[in-house]
Every structure is written in C-alpha cells, then in structure tokens.
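Q: Pasting a structure below so you can have a look.
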Amino acid sequence: FLMRLFLARAGAVGFLFFFLRDAFGAPAAWLGAGLLAVHSRAVEYSSDVQSDGLYLGLFLAGVWFGWRAWTRRSWRSAALAGVASGLAYLTRPEGLGLACILVAIAGLEWSRGSWRAAPALRFAGGVAVAAALCVAPYVVALQQHSGEWGLTQKKSVSQITGAAPRAADVAAPPPVKRKAPKLSPLHAHIPPSVAAPRAQMDRGEDGPSVEQ
C-alpha cells in the first residue's frame with residue numbers, strides 16, 4: 001500500500017515535470033514539480049487512503065501525452081493519452097473528461113483548418129478507442145450488477161441531500177378528496193343527540209339504535 005502511494009506521488013510529480021518542460025521550459029518545470037512535491041495540500045491529497053493520489057498521477061500522465069499528441073500530431077501519443085484517461089476513470093469518473101477534451105481539440109483543429117481530416121480522425125480515434133477499451137469492461141460489469149447502463153454508481157448531490165424526488169413519490173397518484181354527505185333539510189330540525197347516530201347509519205356504519 002505504501003509503495004503504491006509512493007509510486008503514484010512520484011508519477012504525478014514526474015508527469016507534471018514533463019508537461020511543464022515541453023510546454024513552458026525547464027525552469028517552469030523544476031518550479032512546478034518542486035511545488036507539487038512539497039506543498040502541504042498536494043501531500044495531503046496524494047497521501048489519501050482512497051484513490052486520489054493514483055488519480056492525480058494518471059490524470060497528469062494523460063495531460064502530458066495529450067500535449068505531445070497535440071503538438072506533434074502523434075496518434076500513438078493520443079492513444080497513450082486515451083489509456084491514461086481511461087485508467088484515471090477507473091479511479092474516479094471525472095477522469096474520462098480528459099479524453100472528451102482531447103477529442104474536442106481534434107474537432108476544433110479540423111474545423112479551423114489547422115488539421116486535415118485524416119490527422120484529426122487519427123488523433124480523435126486513438127484517444128477514443130484507447131479510452132473505450134479501458135472503460136468498457138467496467139461499464140459492462142456495472143450494467144450486469146445494477147441492471148442499468150451508466151458510467152458510475154456514485155449518487156448525485158441532489159440524491160445525497162434528499163432534494164431529488166423519490167420514485168415512490170413520483171409514481172403515487174394524488175389523494176382523492178371525498179365530499180361529505182349532504183344532509184336533507186329534515187336533519188336540520190333533528191336534535192344533535194339523535195342526528196349523530198342517524199348520520200352514522202346513513203353512511204352504513206354501526207351505531208346505537210334509536211328507539212321511536
């Protein structure tokens with residue numbers, strides 16, 4: 001367990017260094033990676049007993065591979081970015097958002113005329129196919145377990161707070177209001193002590209008999 005945390009943290013620092021070096025140069029890379037390594041919030045985040053540290057490492061790996069794929073128009077780097085995004089999704093559902101952003105970048109570059117159709121398709125296809133191969137087994141297993149298709153079993157905020165309507169409340173028909181029985185004008189002249197038992201007998205209820 002401790003080894004996994006160490007590798008995840010080291011991977012996050014390393015991939016951030018590679019991305020900043022390629023994007024902004026060596027000085028920015030050393031500064032950014034050093035801050036990630038020693039910052040108290042980053043240390044607390046990456047040392048969480050759940051999947052936060054592993055997610056951060058995989059996400060930054062996807063960012064670096066995605067940057068290399070974008071700047072070099074490399075479908076191999078695009079596929080590696082899709083793998084990193086798919087593996088990050090297996091730790092936290094929002095990891096799949098990186099693959100969606102990279103596919104959107106390919107579409108934007110093609111629409112602007114910067115890329116031809118073939119490179120854009122190779123880029124987007126490499127990301128999408130690689131991510132789908134990582135995501136598909138879990139999605140199928142989730143469908144077999146829950147009976148519904150979905151990307152995660154996490155509940156939404158409205159469901160956690162109780163703001164979302166329950167299925168029983170939505171399906172239940174509205175209550176039927178019953179009108180009180182109308183009394184004939186003769187009941188207005190009957191004393192209350194006699195009218196109450198007679199009203200019960202009019203509704204078919206058991207009540208004391210009234211002797212005449």
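The values are calculated or read from the model by the stated rules, or taken from the named source; none is laboratory data. Since the structure is predicted, the reported quantities are computational estimates derived from the model, not experimental observations. Cβ placement follows ideal geometry from the backbone for every residue including glycine, while neighbour counts extend to all protein chains displayed. Ligands, DNA and RNA are excluded from the accessible area calculation, which covers all protein heavy atoms including side chains. Shrake-Rupley method; radii C 1.70, N 1.55, O 1.52, S 1.80 Å.
Q: Can you name every residue in region 69-89 that is farther than 14 Å from PRO119 by Cα and either open to solvent by 40 Å² or more (accessible area, probe 1.4 Å) or not in a helix (DSSP H, G or I) (or both)? Even if it seems obvious, please write down each step before you answer.
A: The first filter runs over region 69-89 and keeps only residues farther than 14 Å from PRO119 by Cα, leaving 80-89.
Hits for region 69-89 are LEU80, VAL83, LEU87.
Q: Quick one: in region 95-112, of everything that is more than 12 Å from VAL127 (Cα to Cα) and open to solvent by less than 60 Å² (accessible area, probe 1.4 Å), which residue is nearest to the chain's Cα centre (by Cα)?
A: The initial filter retains those residues of region 95-112 that are more than 12 Å from VAL127 (Cα to Cα), namely 95, 107-112.
After this cut, where a residue has to be open to solvent by less than 60 Å² (accessible area, probe 1.4 Å) as well, the list is 95, 107, 109.
Numbers: GLY95: 10, GLY107: 24, GLU109: 28 Å.
The extreme case among them is GLY95.
Q: If you don't mind, another one. Quickly run through region 142-153 and pick out the residues that are open to solvent by less than 50 Å² (accessible area, probe 1.4 Å) and aliphatic (A, V, I, L, M). Please lay out each step first, then the result.
A: Start the filter on region 142-153 by keeping residues that are open to solvent by less than 50 Å² (accessible area, probe 1.4 Å), which leaves 142-143, 150.
Once the filter is applied, which keeps residues that are open to solvent by less than 50 Å² (accessible area, probe 1.4 Å) and aliphatic (A, V, I, L, M), region 142-153 yields only LEU142.
Q: Within region 26-45, is there a residue that is part of a helix (DSSP H, G or I), buried (at least 19 other Cβ atoms within 10 Å of the Cβ) and not aliphatic (A, V, I, L, M)?
A: Checking region 26-45: not a single residue is part of a helix (DSSP H, G or I), buried (at least 19 other Cβ atoms within 10 Å of the Cβ) and not aliphatic (A, V, I, L, M).
Q: Pairs please, first residue from region 80-96 and of a type in the set (Val, Ile, Thr), second anywhere and open to solvent by 60 Å² or more (accessible area, probe 1.4 Å) and in a helix (DSSP H, G or I), Cβ atoms under 7 Å, 6+ apart in sequence or on different chains.
A: THR91/LEU54
Q: Ok, one more. Output the qualifying pairs, or none if there are none: Cβ atoms under 7 angstrom, residues six or more apart or on different chains, first residue in region 116-142 and free of Cβ contacts under 8 Å to residues at least 12 places away in the same chain, second residue buried (at least 16 other Cβ atoms within 10 Å of the Cβ) and assigned to a helix (DSSP H, G or I).
A: ALA117/TRP110
Q: If GLU44 passes every condition in (1) more than 14 Å from LEU58 (Cα to Cα); (2) at pLDDT 85 or above but one, which one does it miss?
A: Tallying (1) more than 14 Å from LEU58 (Cα to Cα); (2) at pLDDT 85 or above, GLU44 fails exactly one: (2).
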